[in-house]
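S.K.: This is the structure I want to talk about, given as structure tokens.
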Amino acid sequence: MERKESESGNGRRVVVIGGGIAGSLASKLLQFDSDVTLIDPKEYFEITWASLRSMVEPSFAERTLINHKKYLQNGRVVTSPAVNITNTEVVTGDGAVFGYDYLVIAAGHTDVLPKTRQEKLSHYQAEYEKIKSSESVMIVGGGPSGVELAAEIAVDFPDKKVTLVHNGPRLLEFVGQKAADKAFDWLKSKKVEIILNQRVDLNSATDGDKTYRTSEGETIHADCYFLCTGKPLASEWIKGTGLRDSLDGKGRLIVDEHLRVKGRKNVFAVGDITDIQEMKQGYIAEKHASVATRNIKLLMSGGNERKLSSYKPGPDIAIVSLGRKDSVAQFPFLTVSGCVPGLIKSKDLFVGKTRKARGLDPNLVD
Ligand SMILES: Cc1cc2nc3c(=O)[nH]c(=O)nc-3n(C[C@H](O)[C@H](O)[C@H](O)COP(=O)(O)OP(=O)(O)OC[C@H]3O[C@@H](n4cnc5c(N)ncnc54)[C@H](O)[C@@H]3O)c2cc1C
């Protein structure tokens with residue numbers, strides 16, 4: 001194994017695992033106070049929730065796919081997954097070893113993604129061509145990705161036949177019934193066919209015949225389909241490390257109010273991978289990153305542990321965009337849909353804001 005010791009050391013080595021919403025921000029916030037190593041299987045950070053727009057408008061991805069080096073100018077980027085953690089080191093898939101004084105785990109959910117930004121841009125172009133050349137499109141999964149993709153296609157390609165199949169009793173199970181109903185009605189108004197409580201057998205179409213059978217025996221003809229089912233947490237590998245006892249039954253890392261992983265004083269976890277009882281959202285993952293980095297800076301400077309910042313979950317807010325103008329938004333005491341909540345998210349999908357938080361021009365393409 002190749003040992004990569006940092007030059008500066010001195011108790012200031014921070015390894016961040018995962019360059020998604022939380023990990024990118026944590027690395028950016030720490031880079032001038034510590035010796036940061038960011039470990040991620042891909043060379044770029046992606047604004048995850050903008051991916052559906054990029055499928056109908058590939059050039060949109062120019063601002064949403066950002067090479068890690070653009071916002072992490074004063075740190076090391078390692079393009080390989082973390083595969084092991086010891087009390088002092090992180091091991092990556094390519095066999096390199098990185099010593100740490102502080103560790104931030106921000107691995108979120110698993111996904112198989114291209115390694116380079118250029119490959120990912122080409123991927124969106126190919127998805128777009130696929131949609132464009134199809135008369136009918138089937139979307140499997142009625143969570144936020146499935147609903148947002150169905151809406152993007154319905155708005156940009158109103159002549160396509162879009163079918164959304166979901167195995168649960170209602171769309172958007174992570175929000176309340178009211179928000180789910182509003183999304184359902186909106187999609188229906190755009191002529192999206194919605195099939196609930198059924199699974200589709202993707203192997204049921206024979207060569208040349210693009211007709212799929214559902215668990216209730218219905219048939220769906222689709223020239224192409226997209227799988228938008230939920231992704232598992234990226235914590236399976238942690239079960240084989242010394243942190244296995246810090247995982248709960250659902251594979252989430254158990255953290256205290258300072259976002260330190262159970263049983264460890266110098267290991268923090270942030271974002272979707274934590275066991276905090278709250279909605280899993282990117283704006284929340286960013287709050288975690290701010291609290292954890294503040295705490296690391298305090299500990300690095302020899303500050304008193306009693307002064308560590310605490311993270312307290314706030315009210316749950318969720319906005320699901322419905323094409324370029326509309327959205328359905330769930331606030332603590334109000335659920336609304338249409339173009340007024342659409343003004344919050346649907347035009348830019350928080351891309352400018354997310355870039356700005358990482359010190360980047362909101363509008364410039366990379
Ligand atoms: C369709 C959709 C719409 C959404 N809309 C919104 C919205 O409007 N607002 C909002 O706030 N949130 C939204 N979300 C939720 C938001 O995307 C997530 O909450 C957020 O991405 C979580 O951030 P994270 O950093 O924890 O994980 P992620 O962003 O998933 O990042 C995890 C990173 O870890 C890396 N990784 C995984 N395994 C390893 C490993 N072994 N070693 C190293 N790196 C690893 C991955 O490659 C990835 O880069 C939406 C989600 C979806 C699906």
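The values are calculated or read from the model by the stated rules, or taken from the named source; none is laboratory data. Just so you know, these numbers come straight off a predicted model, no measurement behind them. Neighbour counts are summed over all protein chains in view; Cβ atoms, including those assigned to glycine, are modelled from backbone coordinates with ideal geometry.
S.K.: Restricting attention to the range 324-361, report how many residues are away from the ligand (no atom under 16 Å from the Cβ), free of Cβ contacts under 8 Å to residues at least 60 places away in the same chain and assigned to a loop (DSSP other than H, G, I, E, B).
M.R.: Matching residues across the range 324-361 total 2.
S.K.: Name every residue in the range 228-263 that is touching a Gly at 6+ places or on another chain (Cβ under 9 Å) and part of a loop (DSSP other than H, G, I, E, B), in order of residue number.
M.R.: Cys228, Thr229, Gly230, Lys231, Pro232, Ala234, Ser235, Leu243, Ile254 - these are the residues of the range 228-263 that are touching a Gly at 6+ places or on another chain (Cβ under 9 Å) and part of a loop (DSSP other than H, G, I, E, B).
S.K.: Could you identify the single residue in Gly208, Gly240, Gly271 that is on the phi > 0 side of the Ramachandran plot and within 16 Å of the ligand (Cβ to nearest atom)?
M.R.: Selected residue: Gly271, the only one of Gly208, Gly240, Gly271 that is on the phi > 0 side of the Ramachandran plot and within 16 Å of the ligand (Cβ to nearest atom).
S.K.: List every residue pair whose Cβ atoms lie under 6 Å apart, where the two residues are 6 or more positions apart in sequence or sit on different chains, the first residue falls within the range 98-122 and is farther than 23 Å from Lys297 by Cα, and the second residue, located anywhere, is basic (Lys, Arg).
M.R.: Going by the 6 Å Cβ cut-off, the qualifying pairs are His109/Lys231; Thr110/Lys231; Asp111/Lys231; Leu113/Lys42; Pro114/Lys120; Lys115/Lys42.
S.K.: Now, a different point. Just need a number here: residues in the range 8-24 that are modelled with pLDDT under 95 and among the hydrophobic types (A, V, I, L, M, F, W, C).
M.R.: 0
S.K.: Here's a follow-up. Read through the list (1) at pLDDT below 95; (2) not assigned by TED's automatic domain parsing to the domain that holds Lys280, then give the number of the only condition that Glu46 fails.
M.R.: Every condition holds for Glu46 apart from (1).
S.K.: Let me ask you something else. Take the residues in the range 155-172 that are free of Cβ contacts under 8 Å to residues at least 40 places away in the same chain and either surrounded by fewer than 15 Cβ atoms within 10 Å (Cβ to Cβ) or assigned to a helix (DSSP H, G or I) (or both); name whichever of them is farthest from the chain's Cα centre (by Cα).
M.R.: Per the stated criteria, the residue is Asp159.
S.K.: Residue pairs, Cβ under 6 Å, 6 or more apart or interchain, first in the range 123-145 and modelled with pLDDT of 95 or more, second part of a helix (DSSP H, G or I) and more than 16 Å from the ligand (Cβ to nearest atom). List them.
M.R.: From residues that are modelled with pLDDT of 95 or more, the pairs are Tyr124/Pro58; Gln125/Pro58; Tyr128/Pro58.
S.K.: Would you mind finding the one in Val320, Val255 that is under 30 Å from Glu152 (Cβ atoms) and either in contact (Cβ under 8 Å) with a residue 12 or more places away in the chain or exposed (fewer than 14 other Cβ atoms within 10 Å of the Cβ) (or both)?
M.R.: Result: Val320 is the single residue among Val320, Val255 that is under 30 Å from Glu152 (Cβ atoms) and either in contact (Cβ under 8 Å) with a residue 12 or more places away in the chain or exposed (fewer than 14 other Cβ atoms within 10 Å of the Cβ) (or both).
S.K.: If you don't mind, there's one more thing I want to ask. May I ask you to verify whether Glu152 is in a helix (DSSP H, G or I), at negative phi and not basic (Lys, Arg)?
M.R.: So Glu152 passes the test.
S.K.: Let me ask something additional. Look at the range 211-226 and say how many of its residues are within 31 Å of the chain's Cα centre (by Cα), away from the ligand (no atom under 13 Å from the Cβ) and in a strand (DSSP E or B).
M.R.: Of the residues in the range 211-226, 7 are within 31 Å of the chain's Cα centre (by Cα), away from the ligand (no atom under 13 Å from the Cβ) and in a strand (DSSP E or B).
S.K.: A further question on this structure: Can you work out which of the residues in the range 274-284 that are surrounded by 19 or more Cβ atoms within 10 Å (Cβ to Cβ) and more than 7 Å from the ligand (Cβ to nearest atom) is nearest to the chain's Cα centre (by Cα)?
M.R.: Thr274
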